[in-house]
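**Q** Sharing a structure, written as structure tokens. Questions coming.
The values are calculated or read from the model by the stated rules, or taken from the named source; none is laboratory data. It should be emphasised that the depicted structure is a prediction, and the values quoted were computed from it without experimental measurement. Ideal geometry is used to build each Cβ from the backbone, glycine not excepted, and the neighbour counts take in all protein chains shown. Ligands, DNA and RNA are stripped out before the accessible areas are found, and what is left, the full protein with its side chains, is counted by its heavy atoms. Shrake-Rupley method; radii C 1.70, N 1.55, O 1.52, S 1.80 Å.
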Amino acid sequence: MDVPLGEQRRQNVKVFVVESSEPYCEGEPLLAAESDVGEITAVVEPQALLGGFGGPGYARVALVKSGTDMPRIVVQGFLPIARVRDQDLAALVFQVATLADRLEGRIFGIDRA
């Protein structure tokens, strides 16, 4: 989905369902939101991925396997699908989009959307 962020910026967020394999989740399906920030390179400092974004939320920064040797930086968030409300989903998608947009600006200096 295309999420408007203000100042004529937008961020693309993919929403999908995954089955959790974490302890105590008992395979409960999770609603996931993910936004691609870009491929990590030697010029990306790990500190840029870790902090300075403030505020509590469900969004997290992760590195995932890509088609090349270098992993991709993504912002992800997960909620138990059985208990999610419309407002929860909207908040999760917005948190993921906002964090991904900030990371793009900090790391690459642009909004690539």
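**Q** Are there any pairs with C-beta distances below 9 angstrom linking a residue in the stretch 81-110 that is within 19 Å of Val18 (Cα to Cα) to a residue that is open to solvent by 60 Å² or more (accessible area, probe 1.4 Å) and of a type in the set (Asp, Glu), with the two at least 6 apart or on different chains, and if so which?
**A** Here the result reads none, with nothing in the stretch 81-110 linked to a residue that is open to solvent by 60 Å² or more (accessible area, probe 1.4 Å) and of a type in the set (Asp, Glu).
**Q** Residues Arg102, Arg106: which one is assigned to a helix (DSSP H, G or I) and under 21 Å from Met1 (Cα atoms)?
**A** Of the residues listed, the single one that is assigned to a helix (DSSP H, G or I) and under 21 Å from Met1 (Cα atoms) is Arg102.
**Q** Looking at Gly51, Gly38, Gly77, which is the one that is small (Gly, Ala, Ser), touching a Phe, Trp or Tyr at 6+ places or on another chain (Cβ under 7 Å) and at pLDDT below 90?
**A** Gly38
**Q** Contact list please: Cβ distance under 9 Å, first residue in the stretch 31-43 and under 14 Å from Val61 (Cβ atoms), second residue among the polar types (S, T, N, Q) and assigned to a strand (DSSP E or B), pairs at least six apart or on different chains.
**A** Ala33/Gln76; Glu34/Gln76; Ser35/Gln11; Ser35/Asn12; Ser35/Gln76; Asp36/Asn12
**Q** Would you check if Asp101 is surrounded by fewer than 20 Cβ atoms within 10 Å (Cβ to Cβ) and among the acidic types (Asp, Glu)?
**A** Criteria not met by Asp101.
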